[in-house]
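Single-structure report; data block below.
Read the figures in this text as sums done on the coordinates, not as results from a lab. As the structure is a prediction and not an experimental result, all values here were calculated from the model. Quick reminder, even Gly has a Cβ in these numbers, built from the backbone with ideal geometry, and neighbours come from all protein chains shown.
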Amino acid sequence: MAKNNYLMVSLIVIAVFVAMALGYVNIKDNMGGVNNALSGKIVNVNDNLETVKIGSINPLSGRVSYLGIATANGARLAIKDIRKEHGVDALKVVFEDSKGNPAEAVLAAKKLMFVDYVDVVFSELTGTSLAVSPAVLEQNKPLVYLAFTKNIIDDNALSIKTFLNFDDACEEFMGLGYDEDNILVIDQTKTNGESCLKGLKRANNEFNYDLELIDAGGDYKTILLKAKRDNYDRIIPLCYESTCLNIIKQMIELGIEIPLFCNKDNCATEKIVEAIGIENMPETIYFVQDVNEEYVEKYKAEYGEDSSDADIIYSSTGYDVIKSIFNAVRKCPDKKSECIIEKFSEEKSSVDSAMNYIFENRVMVPEIGLYEIMDGKVELLK
């Protein structure tokens with residue numbers, strides 16, 4: 001009896017290996033629709049298409065690692081969904097840590113292109129993406145980047161810009177019709193200030209403005225006192241969270257009550273509101289990228305109910321970018337860069353997207369909401 005059982009098991013094992021060799025059955029890991037050899041189902045795990053390879057350069061450590069980790073988390077959710085539908089071999093994503101450093105990002109990009117042979121490079125943050133772009137273009141590879149700046153697409157025809165746009169948001173703000181003629185833009189990024197001014201001028205070209213470039217960790221009292229002296233109607237701080245927190249603290253210390261306009265991730269994050277107190281916050285209008293509720297639930301189920309708004313926003317872009325790259329590459333069997341950029345530019349949000357967006361001239365245009373903090377309350381404006 002034992003001999004017969006051994007023979008039966010041996011025959012089953014041989015049959016499974018023969019079926020796998022002939023391509024009838026594919027047994028893979030639990031990331032991509034596992035196929036049971038004994039179930040009788042015939043599934044081609046790889047959809048008969050070559051694996052799509054993406055290299056993702058994110059700040060996974062360093063000062064802004066919270067942004068890179070969130071984006072990577074969103075990308076991993078997309079990987080999971082894609083593999084569930086198309087099989088584990090349909091997509092490979094290699095993550096590299098830029099540390100928020102342009103030089104590190106360039107090294108990462110070269111490794112992804114020359115060692116991992118990726119089809120598309122995905123880069124996050126303005127400074128690192130500006131550094132990476134020439135190296136990627138030199139190898140005729142598509143670059144998809146997550147940053148506010150549009151400067152890269154002007155110099156790189158094989159690039160796609162994703163994420164929020166300061167010029168669009170500033171135009172939306174000016175379109176609210178507030179009677180404000182004097183505006184001070186405080187810019188830590190060195191690029192977003194000019195972008196915001198373009199949007200303001202599109203909506204109203206008859207206003208006075210001043211642009212102050214600043215660095216992190218400074219004393220901003222001189223700039224703030226000048227703003228008070230010159231009777232500015234609004235301050236637009238374009239800075240990272242820690243810098244904006246210092247600016248608001250110094251405004252309160254100096255008794256300056258000039259209203260603010262900003263990206264929520266700059267001057268109205270949960271951390272800032274908690275540190276200042278909602279009742280002590282300056283009058284503030286902020287814009288934020290709208291994210292579909294279904295995606296919010298999916299993200300929190302995977303990464304925790306205490307996920308911040310910044311986690312949700314950056315991860316939603318990571319999620320939709322990976323899915324869009326995958327779709328674009330699959331539509332280009334020869335994987336030519338020009339084809340990938342063209343097909344990516346045709347992408348738009350669908351029922352399973354994390355956010356609602358379209359593309360115009362290789363620039364993602366996501367839906368945004370405008371909110372106001374006043375008298376300790378937050379209200380939706382638009």
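Quick notes
- Fewest-first sequence of Thr128, Thr162 by Cβ atoms within 10 Å of each Cβ: Thr162, Thr128
- Cα centroid separation, region 184-217 to region 299-341 (Å): 30 Å
- Amide H contacts under 5 Å for Asp187: Glu212, Leu213, Ile214, Leu238, restricted to partners 5 or more places along the chain or on a different chain, H placed in the peptide plane at 1.01 Å from N.
- Among residues other than Met374 with Cβ under 11 Å from its Cβ, the summed charge is -4 (Lys and Arg +1, Asp and Glu -1).
- Cβ-based charge dipole, the chain, positive-most Cα from Val185, Thr222, Asn208: Val185
- Spread over its residues, the convex hull of the C-alpha atoms of region 133-237 is 104 Å³ per residue.
- Percentage relative contact order, the chain, counting C-alpha pairs under 8 Å, at least six apart: 15 percent
- Mean Cβ neighbour count within 10 Å, used as a protection proxy, ranking 130-137, 211-218 highest first: 130-137, 211-218
- In order along region 218-223, phi translates into HN-Hα couplings of x, 9, 9, 5, 4, 5 Hz, rounded to whole numbers, per the Karplus curve 6.51 cos²θ - 1.76 cosθ + 1.60 with θ = phi - 60° and x for Gly and Pro.
- Of [x] 0.98; [y] 1.03; [z] 1.08, the label for Rg/Rh (Cα atoms, Kirkwood Rh) derived from the coordinates: [z]
- Under-5 Å amide H pairs with Ser123, H placed in peptide plane, nonlocal only: Ile57, Val144, Tyr145, Leu146
- Net charge of neighbours whose Cβ lies under 12 Å from the Cβ of Glu305, counting Lys and Arg as +1 and Asp and Glu as -1: -3
- Whichever aspartates and glutamates have a C-alpha closer than 12 Å to that of Lys331, once near sequence neighbours (fewer than 8 apart) are set aside: Glu50, Glu342, Glu346, Glu347
- Put simply, the amide H of Ile358, placed in the peptide plane, has neighbours under 5 Å in Val365, leaving out anything fewer than 5 places away on its chain.
- Inter-site label distance for Cys339 and Phe207 at 7 Å from Cα along Cβ, in nm: 4.7 nm
- A simple rule links phi to the HN-Hα coupling: the Karplus curve 6.51 cos²θ - 1.76 cosθ + 1.60 with θ = phi - 60°, which for region 285-291 gives 9, 10, 10, 8, 6, 6, 10 Hz, with x for Gly and Pro.
- Three-way shape label, region 143-191, alpha-carbon gyration tensor, a/c 1.5: prolate
- Rounded if a/c under 1.5, otherwise prolate or oblate - region 239-285, Cα gyration tensor axes: rounded
- Rounded, prolate or oblate (a/c below 1.5 giving rounded, otherwise prolate when a/b exceeds b/c) for region 226-331 by Cα gyration tensor: prolate
- The chain, helix-only ellipticity at 222 nm - DSSP H runs n ≥ 4, -39,500 (n - 2.57), divided by all residues, nearest 500: -14000 deg cm²/dmol
- Percent antiparallel among DSSP beta bridges (both partners in the chain, rounded to 5): 30 percent
- Förster-model FRET efficiency, 51 Å R0, Glu274 and Val115, C-beta, rounded to 0.05: 0.75
- For region 137-209, the dipole from Cβ point charges (+1 on Lys and Arg, -1 on Asp and Glu) about the Cα centre works out to 380 debye, to the nearest 20.
- Among residues other than Arg362 with Cβ under 14 Å from its Cβ, the summed charge is -3 (Lys and Arg +1, Asp and Glu -1).
- 3J(HN,Hα) along region 319-336, derived from phi through the Karplus expression 6.51 cos²θ - 1.76 cosθ + 1.60 where θ = phi - 60°, amounts to 5, 5, 5, 4, 5, 5, 4, 4, 4, 5, 5, 5, 7, 10, x, 8, 6, 5 Hz, with x in place of Gly and Pro.
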